[in-house]
Amino acid sequence: MKNKYIFVTGGVLSSLGKGLTSASLGALMENRGLKITLMKMDPYLNVDPGTMNPFQHGEVFVTEDGAETDLDLGHYERFTNVYLKRENSVTAGQVYEAVIAKERRGEYLGGTVQVIPHITDEIKDRIRKVSRGKDLTIVEIGGTVGDIESLPFLEAIRQFRSEIGEENAVFVHLTLVPYLGVSGELKTKPTQHSVQKLREIGIQPDFLLCRTDRILPQDIRGKIALFCNIKADNVVTAKDVSNIYEVPLMFYEQGVDEKICKKLRLKARAKGLHKWAQISATIAAPKYGQVDIGVVGKYVDLTESYKSVTEALVHGGIANQCKINVRYVDSEQLEQGDVETQLAGVSGILVPGGFGLRGVEGKIKAIEWARTKRVPYLGICIGLQLAIIEFARHVCGIQKATSREFSNTGEFVIDLMEDQRRVERLGGSMRLGSYVCKLSAQSLAARTYGRNETSERHRHRYEVNNHYLAPLENYGLVFSGVDPGLKLVEMIELKDHPWFLACQFHPEFKSKPFLPHPLFVGFVAASLRFNAQQAKKITNASKGKINTKKNSLAQSMMKMRASREVYPR
Ligand code: GLN
């Protein structure tokens, strides 16, 4: 079969959901048995988003092979069965870097090096490389049509399609059709202008996906079709949905995948989207109520920074058939304020990954609260490091316990490893990507995973200092997960606590709605139990009748077991 392509662009404004649209198209095409892959092209000059401020850019998504990529790759992996690699995330910075390096090596034989053809050729080469062996490649172009910096990418895909032929690539353009309350009308002008911009540079979209808050009536679709030179049938309503897992269903109902396949002359039959319908139904009407989880971090003003964590919690909720109310708690405010009021009502505490000193003491307060009040706790990366610092200070009496990341003096229970210090001086030292973790038999970690080994993705610089293992262990901290090769601590837990687990890696990157991560499933189940106990206490106090939620818990445990069986290593 020939390689086929879907190019996804966006117009009018950013944040319309191009990433989710591309991911949903991926899900629909995979559902037709096609071997797919997805790529993101980011027009900024950073080589990767690894160095970008999370307040500006949102989460950095880490792939199996340790690439620091755009958060849209997270959507792609969650919505499909694919595991992406470094080459699936392309930035203008990478492209220019590669072209300039070739120029320095004299590979252009003295020619003038230009955006067209050299930059555009490099972009096309990268698309070809990724699509090798795949039936269909979905390429999302970041940014908004009309931006100066996206032009080389748009030019590259224009050339690409004219080289491979119309039947092998479709252009899908996502725009906005706002409803104007004052006049009571849906406005098509922004869409018209955005398509004009695309046509100016030689791209005629085949499909228009229109973000709107209501179903587009036939006359509006007709009008858009006329002005944008598109078949009315290919003007699709991309209506706002209550949860992101409804997006594939919405496109499926309008036959988008069918039409794209027809255009690409792909003979691939859809199997129906029962599993998507099922999870959407679970999210819409959870059988076993809801539970409040406190996510304690410093990037709470831009919750996009915790995208994968939030989604993994939703997956844990789906597995337990409950709704998760995520409460983002500002760790800096916790530093000053009273923990009890700020964490009142949460049935689980999660400290996600983070960098730098700001808000650290607030997170430590939240961890102490979880430990002493027996609230379920899941610590991720810095969430493990701070749990160790909290334990060292408050249980072992090592008052000056800290991490070398936060201070130059003190007892470094978290430290840089000797060989890392050398790399640090050379400018890079992150431990990135997948590493194996051995789990101790009988530990909560092993029980939660349902096995004794896992492999998880990393993104951090500091490690647990092995010199402190013995004193910490003596006071009851359990090192339940260890990297067998590097001999580094990967997971910890507390003996006398109902559910207190922390990991040096980022489990959230591997969670999918249909393959919820066991740590999130277990954490949500424990939070539900805590919630039920609290309810019981209140009811007991008022001597009313108690709903023990026994069924809900039994159900959660069953789901947990089910998820263990399918979760990949
Ligand atoms: N800042 C810590 C480190 O670099 C933790 C990183 C993280 O939480 N991802 O080790």
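The values are calculated or read from the model by the stated rules, or taken from the named source; none is laboratory data. Not measured: the values here are computed from a predicted model. Glycine also receives a Cβ, built like all others from the backbone with ideal geometry; neighbour counts cover every protein chain displayed. Side chains included, ligands, DNA and RNA excluded: accessible areas come from the protein's heavy atoms. Shrake-Rupley method; radii C 1.70, N 1.55, O 1.52, S 1.80 Å.
Could you count how many residues in segment 432-481 are acidic (Asp, Glu) and within 16 Å of the ligand (Cβ to nearest atom)?
Number satisfying all stated conditions: 2.
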**Asked** Scanning for something open to solvent by less than 30 Å² (accessible area, probe 1.4 Å) and part of a helix (DSSP H, G or I), does segment 59-71 turn up at least one residue?
**Response** no
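In this structure, does Ser429 turn out to be of a type outside the set (A, V, I, L, M) and more than 14 Å from the ligand (Cβ to nearest atom)?
Considered against the rule, which asks whether it is of a type outside the set (A, V, I, L, M) and more than 14 Å from the ligand (Cβ to nearest atom), Ser429 comes out as no.
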**Request:** From the list Ile164, Ile220, Ile215, Ile224, pick out the single residue that is farther than 19 Å from Gly143 by Cβ and in contact with a Cys (Cβ under 8 Å, 6 or more places away or on another chain).
**Result:** Ile224
**Message:** Looking at segment 352-364, I want the residues that are farther than 18 Å from Val326 by Cα and open to solvent by 20 Å² or more (accessible area, probe 1.4 Å) and have a partner that is among the charged types (D, E, K, R) and outside any loop (DSSP other than H, G, I, E, B) with Cβ atoms under 8 Å, at least 6 apart or on another chain. Which pairs are those?
**Reply:** Arg358/Glu332; Glu361/Glu335
**Request:** Give Ile388, Ile367, Ile349 a once-over and let me know the one that is of a type outside the set (Phe, Trp, Tyr), surrounded by 24 or more Cβ atoms within 10 Å (Cβ to Cβ), more than 9 Å from the ligand (Cβ to nearest atom) and free of Cβ contacts under 8 Å to residues at least 40 places away in the same chain.
**Result:** Ile367
**Matching residues, segment 244-270, being open to solvent by less than 30 Å² (accessible area, probe 1.4 Å), part of a loop (DSSP other than H, G, I, E, B) and touching a residue at least 60 places away in the same chain (Cβ under 8 Å)** = Leu264, Leu266, Ala268
**Message:** Of all residues being basic (Lys, Arg) and under 15 Å from the mean Cα position of the chain (by Cα) in segment 487-518, which is nearest to Thr282 (Cα to Cα)? Just the residue, please.
**Reply:** Lys512
**Request:** State all residues of segment 151-190 that are farther than 30 Å from His118 by Cβ, more than 27 Å from the chain's Cα centre (by Cα) and open to solvent by 20 Å² or more (accessible area, probe 1.4 Å); if no residue qualifies, say none.
**Result:** Pro178, Tyr179, Leu180, Gly181, Val182, Ser183, Gly184, Glu185, Leu186, Lys187, Lys189, Pro190
**Fill in**
Across segment 127-150, the tally of residues that are part of a helix (DSSP H, G or I) and open to solvent by less than 60 Å² (accessible area, probe 1.4 Å) stands at 3
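Could you run through segment 277-294 and say how many residues are assigned to a strand (DSSP E or B) and either of a type in the set (A, V, I, L, M) or surrounded by fewer than 20 Cβ atoms within 10 Å (Cβ to Cβ) (or both)?
Pass one, segment 277-294, residues assigned to a strand (DSSP E or B): 290-294.
With either of a type in the set (A, V, I, L, M) or surrounded by fewer than 20 Cβ atoms within 10 Å (Cβ to Cβ) (or both) added as a condition, the list becomes 290-293.
Final tally of qualifying residues: 4.
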**Request:** Give segment 40-60 a look and list any residue that's touching a Lys or Arg at 6+ places or on another chain (Cβ under 8 Å) and modelled with pLDDT of 90 or more, or say none.
**Result:** Glu59, Val60
**Request:** Among the residues of segment 304-346, write down those that are more than 16 Å from the ligand (Cβ to nearest atom), buried (at least 18 other Cβ atoms within 10 Å of the Cβ), farther than 28 Å from Leu20 by Cα and among the polar types (S, T, N, Q).
**Result:** Gln342
**Request:** Among the candidates Leu249, Leu266, Leu216, Leu208, single out the residue that is within 18 Å of Val172 (Cβ to Cβ) and within 25 Å of the chain's Cα centre (by Cα).
**Result:** Leu249
**Prompt:** Lys197 fails exactly one of the following numbered conditions: (1) in contact (Cβ under 8 Å) with a residue 24 or more places away in the chain; (2) assigned to a loop (DSSP other than H, G, I, E, B). What is the number of that condition?
**Reply:** (2)
**Request:** Among the candidates Gly397, Gly379, Gly354, single out the residue that is part of a loop (DSSP other than H, G, I, E, B) and within 16 Å of the ligand (Cβ to nearest atom).
**Result:** Gly354
